[in-house]
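Since the structure comes first, as structure tokens, the remarks are kept for the end.
The values are calculated or read from the model by the stated rules, or taken from the named source; none is laboratory data. The structure presented is a predicted model; accordingly, all values stated were derived computationally and were not measured. Cβ placement follows ideal geometry from the backbone for every residue including glycine, while neighbour counts extend to all protein chains displayed.
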Amino acid sequence: MAVIRSNHRIAAGVYRMTVSGVPLGRAGQFFMLRVSGVLDPLLGRPISIFGADAGTGETTFVYQTPGRGTALFADLLPGQAIDAQGPYGNGFPLESGGAVILGGGIGVAPLHQLAKELRASDPKRRIDVFLGFREEAYCVADFEQLSDSVTVSVGGIVTNDVDFSENAVYYACGPAPMLHTAAEQARAANARFFVSLEKHMACGVGACLGCTCETTNGRKRVCKDGPVFEYSEVQHVL
Ligand SMILES: Cc1cc2nc3c(=O)[nH]c(=O)nc-3n(C[C@H](O)[C@H](O)[C@H](O)COP(=O)(O)OP(=O)(O)OC[C@H]3O[C@@H](n4cnc5c(N)ncnc54)[C@H](O)[C@@H]3O)c2cc1C
Ligand code: FES
């Protein structure tokens, strides 16, 4: 059981919550979060690790509230408990060399911890971040602390800003149309490109087969075999 340390609104319908009492995970991994003692909804909701702080032992999440499960999170106060199972999933690989990070909307969440781990694993590497939002930007300052450049697009098409022919490894998380466009550009430029996929998840641990997707290497579970995949494996589902 995790304990809420802070939980506050950072943009319209977007919240930032820090908890203690869970094992620290890696970038791209997620927790199944559920409000303790609530029976409806019964299932946890997958939420990515925005930040895992080895110093404090605390984990931070940034989440939207599209439905009942996450709306309940927004009411939690410091000191209250939350059921947090995880960390689950395979996370992003930390490839050597320059990195380009591309986030759309709430897809920025797992990419912050990724920028942190990339920076820690090689302080000299170049990290360029591109963030796209429909109406309101958030978490930009968090990325500025960890990267060489942050380009923000509000109401535009963030993939237009990205040059996929750089000598770098590309990472992305965001809405399917954004991933699809980015994957097309990455394929044309023959770039290495990793994406984090979103699927409805019931168990989060590979048991229910509710989150499978077709890949070039057969059917895979997004929760257990993903959520991070090399785009060439899943390009047809983006
Ligand atoms: C691996 C993973 C990591 C995630 N990380 C984050 C995160 O860091 N922050 C964050 O805000 N959200 C994240 N999500 C999405 C989040 O899990 C959903 O928004 C949440 O489950 C919705 O629950 P709800 O009860 O609020 O909405 P529900 O009542 O369950 O659904 C409300 C609406 O959202 C849609 N929806 C629900 N789940 C998903 C989903 N997984 N993908 C697409 N549409 C969905 C439903 O179709 C419905 O239209 C992640 C999802 C996955 C799979
Ligand atoms: S959510 Fe159950 S197998 Fe992925």
Residues of the range 182-197 being crowded, with 17+ Cβ neighbours inside 10 Å, without any contact (Cβ under 8 Å) to a residue 60 or more places away in the chain and polar (S, T, N, Q), which ones? Gln185
Every residue in the range 41-63 that is farther than 16 Å from Gly174 by Cα, crowded, with 19+ Cβ neighbours inside 10 Å and polar (S, T, N, Q), please. Thr59, Thr60
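Per-residue answers, yes or no, for (1) at pLDDT below 95; (2) more than 22 Å from Pro46 (Cα to Cα); (3) in the same structural domain as Phe31 (by TED's automatic domain parsing):
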{"position": "Gly103", "(1), (2), (3)": "no, no, no"}
{"position": "Lys116", "(1), (2), (3)": "no, no, no"}
{"position": "Phe130", "(1), (2), (3)": "no, yes, no"}
{"position": "Val169", "(1), (2), (3)": "no, yes, no"}
{"position": "Leu179", "(1), (2), (3)": "yes, no, no"}
{"position": "Gln185", "(1), (2), (3)": "yes, yes, no"}
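Quick check on the range 24-40: of everything there that is within 12 Å of ligand 1 (Cβ to nearest atom), among the hydrophobic types (A, V, I, L, M, F, W, C) and under 30 Å from Ser121 (Cβ atoms), which residue is surrounded by the fewest Cβ atoms within 10 Å (Cβ to Cβ)?
Our first condition is that a residue be within 12 Å of ligand 1 (Cβ to nearest atom); within the range 24-40, this holds for 25, 27-35, 38, 40.
Those still in the list that are among the hydrophobic types (A, V, I, L, M, F, W, C) too: 27, 30-33, 35, 38.
Still in the list and also under 30 Å from Ser121 (Cβ atoms): 27, 30-33.
Values: Ala27: 25, Phe30: 27, Phe31: 27, Met32: 21, Leu33: 26.
The qualifying residue surrounded by the fewest Cβ atoms within 10 Å (Cβ to Cβ) is Met32.
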Scan the range 41-97 residue by residue and report those that are assigned to a strand (DSSP E or B), more than 11 Å from ligand 1 (Cβ to nearest atom) and among the hydroxyl-bearing types (Ser, Thr, Tyr). Thr59
Can you find, within the range 200-217, the residue that is nearest to Leu43 (Cα to Cα) among those that are surrounded by fewer than 16 Cβ atoms within 10 Å (Cβ to Cβ) and more than 6 Å from ligand 2 (Cβ to nearest atom)? His200
